[in-house]
Amino acid sequence: MAIKFNPILVTLFVVATTILLHISDARSVGRQDDWEPITNITKEVIEIGKFAVDEHNKEAKTTLKFQKVIKGENQVVVGMNYRLVIEAKDGDSTHNYLAQVWDKPDNSKSLTSFKQLLEA
């Protein structure tokens, strides 16, 4: 017995699937995994930058000195992630670092990444 395809049902299926995919894409805009630029370097952002340098110093047994936050992004998660470009002094030379900090809902913080950026 051969299966007959109803062209109207196939067309309705394709249209319904397309609509559902567009609705799904629209819901993903502004989702939690989106990084947003930080447009204002506030005292809170500076404190997170200082925390990143201090934690890196403890973990890597270095003596970097925080200078400033150059720019950053944040991401809403359970708490907030911060990805910051930080300027710090290593002895007499100044370098830029990319740090990622998780600011947890209980107000504790965790340094999740800290890397020196290549000089341009």
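Every read-out reported here was derived from the displayed coordinates using simple, explicitly stated rules and does not represent laboratory data. Predicted, not measured: the structure shown is a model, and the values here were computed from it.
Note: relative contact order over the range 35-116, using C-alpha pairs below 8 Å and six or more positions apart, is 25 percent. Lysine pairs in the range 35-116 whose alpha-carbon atoms fall under 18 angstrom of each other, counting only those eight or more residues apart or on distinct chains, come to 26. For Asn40 and Ser113, the difference between the fully extended length at 0.36 nm per residue and the C-alpha to C-alpha distance is 24.1 nm.
For q values of 0.12, 0.17, 0.21, 0.22 Å⁻¹, compute log₁₀ I(q)/I(0) with the Debye formula on a Cα-only model of the range 35-116, without solvent. Values returned for q = 0.12, 0.17, 0.21, 0.22 Å⁻¹ are -0.30, -0.60, -0.90, -0.99.
State whether the range 47-88 is rounded, prolate or oblate according to the following rule on the C-alpha gyration tensor (a ≥ b ≥ c being the square roots of its eigenvalues): a/c under 1.5 gives rounded; otherwise a/b larger than b/c gives prolate, and the remaining case gives oblate. Taking the square roots of the gyration eigenvalues as a ≥ b ≥ c, the range 47-88 is oblate.
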